Amino acid sequence: MLPIAVAEFNTRGYDATSMEDLARAAGITKSSFYNHVSGKEGLLRAGLERALDRLFAILEERQAQEGAALDRLRYIIEQQVRVLMDELPYVTLLLRVRGNTDVERWAVARRRAFDATIASLVAEAVDNGEMSSDTDPWLSARLLSGTVNSLIEWYRPGRSGTEQLPKRIVAMVSDGFVRPA
């Protein structure tokens, strides 16, 4: 049921998706649908948890906790891209919520907490001399998240070269991609 609900939420928007829409997409009656789930908000939370749990799990990995701050930051960015690629519908849903419901506000707060962790890591890299002293940690965190999150708009599984996408994105944000000739 969850993949069907997430697909419908992504297509129609959460607010515009009715239980009738979800039941129709699942090929069952509305009453049968309620035998499987308590309601639409529970499905939304489950979809958002799937994306958020995967993202926050990155921060618990050894490579995200040990070593130079810049290396940890690069690792986290690469893993963020991998999570997005693996969980595209769920991350898409996460990035489209705006805080209209309690569940959405919870998800937005968790996203902000993730960004705060990235900003803290950028600040640590600046303090350690691994990044330029004029680097703004919050601006950098937002730009990094924006870069990774933009993949929901154009990434499609199965395209040639996508297996190298995480490493290519890390290289581009680390080394830059607009260089003088």
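Relative contact order of region 1-156: 21 percent, from C-alpha pairs under 8 Å at least 6 residues apart in sequence.
Dipole check for region 92-181: with +1 at the C-beta of Lys and Arg, -1 at the C-beta of Asp and Glu, and the Cα centre as origin, the magnitude is about 540 Debye. Given +1 at the Cβ of Lys and Arg, -1 at the Cβ of Asp and Glu and no other charges, the dipole of the chain around its Cα centre is 580 debye to the nearest 20. Among the DSSP helices (H) of the chain, those spanning at least 24 angstrom by Cα along their long axis with an average Kyte-Doolittle hydropathy of -1.0 or more are 40-60, 69-86, 102-127; this is a geometric and hydropathy rule only.
Within 10 Å, at most 13 other Cβ atoms, and a DSSP state outside H, G, I, E, B define an exposed site. Report the longest part of the chain free of exposed GluC sites (Glu not before Pro).
Numbers: sites that count: E61, E66.
Excluding the exposed sites themselves, the longest stretch runs over 67-181.
Computed from the coordinates by the stated procedures, all read-outs in this text should not be read as laboratory data. Since this is a predicted model, take the numbers as computed values, not measurements. Glycine also receives a Cβ, built like all others from the backbone with ideal geometry; neighbour counts cover every protein chain displayed.
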